[in-house]
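Undergrad: First the structure, then my questions, so here it is.
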Amino acid sequence: MNLASQDKSKGRNAEETVVRPKESGPPGTSGGWRLLSQRAYLIVTAGEENGARFYLSRKTHLIGRSSEVEITLADDSISRTHARISYRNDEFVLADLDSKNGTFLNGTRVHECPLHYGDEITVGNHVLRFMYEAVVTS
């Protein structure tokens, strides 16, 4: 499964099972859970695809309205290839691809900027939140 694919089902990469601890405590506590890694993803918080998740790997991901990009959003105010998220120097970086309506990070128009947990990316009428999900084992 392509990690950048939309996760509307329970389908996951067989090598990466995400486990959420019950009431035994968060990862790293006496609940017996051990944090293996974190997976980055975007969750759509406003727009037609509200609630959709797009998992990010350490490759380049294009955002736009074209069916040819990894993160496709149905929105006429978004360019076919609107923005790019790439992984370099141990961080994810957002870059606008000279889109007509711009790419905004936390309300500020950006050309290129590193992403941090909880950042809000606005492209067209869509808002995507940059998040991490813990991958743990017991």
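Undergrad: Please give the per residue accessible area of region 81-128, computed with a probe of 1.4 Å over protein heavy atoms only, in Å².
TA: Heavy-atom accessible area per residue stands at 51 Å².
Undergrad: Pop out the carbon and sulfur fraction of the accessible area of region 84-138 as a percent, whole number, probe 1.4 Å.
TA: Of all accessible area on region 84-138, carbon and sulfur atoms account for 43 percent.
Undergrad: Quote to one decimal, in nm, the extra length available between V135 and T81 on full extension: 0.36 nm per residue of separation minus the C-alpha distance between them.
TA: 16.4 nm
Undergrad: Based on the alpha-carbon set only, what is the convex hull volume of region 64-119 divided per residue, in Å³?
TA: Considering the Cα atoms of region 64-119, their hull volume per residue is 88 Å³.
Undergrad: When the dipole is taken about the Cα centre of region 68-124, and only Lys, Arg (+1) and Asp, Glu (-1) are charged at their Cβ, what size is it in debye, to the nearest 20?
TA: 140
Undergrad: What is the extension gain from V93 to S67, computed as 0.36 nm multiplied by their sequence separation minus the C-alpha to C-alpha distance, in nm to one decimal?
TA: Roughly 7.1 nm would be gained on extension.
The values are calculated or read from the model by the stated rules, or taken from the named source; none is laboratory data. None of these values were measured; they are calculated from a predicted model. So basically every Cβ, Gly included, is an ideal-geometry build from the backbone, and we count neighbours across all protein chains shown. SASA here: full protein model, heavy atoms, side chains in, ligands and nucleic acids out. Shrake-Rupley method; radii C 1.70, N 1.55, O 1.52, S 1.80 Å.
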